[in-house]
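These notes are about the structure you will find just below.
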Amino acid sequence: MPIRHLLSISDLSSQELERLLDLAMALKEGARAPQVAGKTLALVFEKPSLRTRVSFDVAMRQLAGECIYLSPPEVGLGDRETPADVARVLSRYVNCIAARTFDHSTVVELAKWSEVPVINALSDAEHPCQALADLLTIREHKGPLEGLSVAFIGDGNNVANSLATAASMSGMDFRVASPAGYEMSDEVIAMATGAGVGSVVRTQDPREAASGADVIYTDVWASMGQEGEASSRREAFAGYTVDSRMMAAASPNAIFMHDLPAHRGEEVSAEVIDGEQSVVFDQAENRLHAQKAVLATLLGSETL
């Protein structure tokens, strides 16, 4: 069997994406989890994480497998050891690698040299596992995905990139509102629109994006590694806070989403993220179920 990696949402076909969501939903609803007994996942992280680390670790345990966490000082990825050497060594010990990296090229290099599946657990270009959890959450709360509209308010970042492609693959309309200089790239727009039948639209007007949307989504304005830009980004993103007025522009039954961690009072008001329309903690939980589906599939107990 050829090795399957998950470095980008575009590594999946629309049909494979739907089957992963079906499996994740079944697992959440209590279906017996596929077993990967005797198999081990290595978590290779350059960045700290709450949800990514715990959800992958628990997912492997619930699949009867094992998980090993390797912190940045232990590996020195790209510094103490090259990604190629790390991949070739870990391939002799474990059955799957999930890497959380700064540069997307690092996870690509790991996959190039690995003899076991590699999962992108976050890079500067994409966050495919988050996108799977996001779609699972939207389907859970809004039903069939085709025809729904998602407004992403904020930086055209890795989370937005993966979600735009996943939304298009599912027949959703995706609108991203970002200030000048922080827009989603032309390359990502082309990838997202070419991956499915949904539309992807950019605008600099957050209320235009939010108008009538079924889902309002935002993320932090300054991600890890961008702390030095926090002040300039707060200035650039003035007017992009998702508050009650912005939610009022959406569909009356719209849900609010955020991949966390959140900065209340910056990208989202406390009244929105802690309000009745917020599904952010369902979204966080769904990282577990989505990743169980991915692990079961890549480790061979399920097929796409």
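Rule-based calculations on the coordinates, nothing more; no lab input. Only a predicted model underlies this, so the values are computations on that prediction, with no experimental measurement involved. Reconstructed Cβ throughout: ideal geometry from the backbone, glycine too, with neighbour counts over all protein chains shown.
Net charge near SER269, counting Lys/Arg +1 and Asp/Glu -1 over other residues with Cβ under 12 Å of its Cβ? Please report the intermediate quantities before stating the final value.
Values: positive: ARG245, ARG264; negative: ASP243, GLU266, GLU267, GLU271, ASP274.
Residues near SER269 contribute -3 overall.
Which one, ASP103, ASP219, ASP134, has the greatest fluctuation when you compute a Gaussian network model over the chain with C-alpha springs under 10 angstrom? Looking only at ASP103, ASP219, ASP134, the largest GNM fluctuation is found for ASP103. Exposed loop positions in the chain were taken to be trypsin sites (Lys or Arg not before Pro) whose DSSP state is not H, G, I, E or B and which have at most 10 other beta-carbon atoms within 10 angstrom. Between these positions, the longest stretch is 93-304.
Computed on the chain, the Cα convex hull volume stands at 119 Å³ per residue.
If you plug the beta carbon distance of ASN253 and GLN204 into 1/(1 + (r/R0)^6) with R0 = 30 Å, you get a FRET efficiency near 0.70. What 222 nm value per residue comes from the helices of the chain, counting each DSSP H run with n ≥ 4 as -39,500 (n - 2.57) and dividing by all residues, nearest 500 deg cm²/dmol? That calculation yields -12000 deg cm²/dmol at 222 nm.
How much net charge surrounds ARG202 when only the other residues with a Cβ under 12 Å from the Cβ of ARG202 are counted, with Lys and Arg +1 and Asp and Glu -1? All intermediate terms of the calculation are to be shown ahead of the outcome.
Numbers: positive: ARG175; negative: GLU183, ASP186, ASP205, GLU208.
Surrounding charge for ARG202 is -3.
Largest mean-square fluctuation among TYR93, TYR217, TYR182, in a Gaussian network model of the chain whose springs join Cα atoms under 10 Å apart, belongs to TYR93.
SER244 sits among other residues whose Cβ lies under 15 Å from its own Cβ, and their net charge, with Lys and Arg +1 and Asp and Glu -1, is -2. Comparing LEU110, ALA87, VAL36 along the charge dipole axis of region 27-145, the residue lying farthest to the positive side is VAL36, per the Cβ-charge model.
Taking 0.36 nm per residue of separation and subtracting the Cα-Cα distance, what length does fully extending ASP22 through ASP282 add? Working shown, then result.
On the way: separation 260, 0.36 × 260 = 93.60 nm, distance 1.66 nm.
Full extension from ASP22 to ASP282 adds 91.9 nm.
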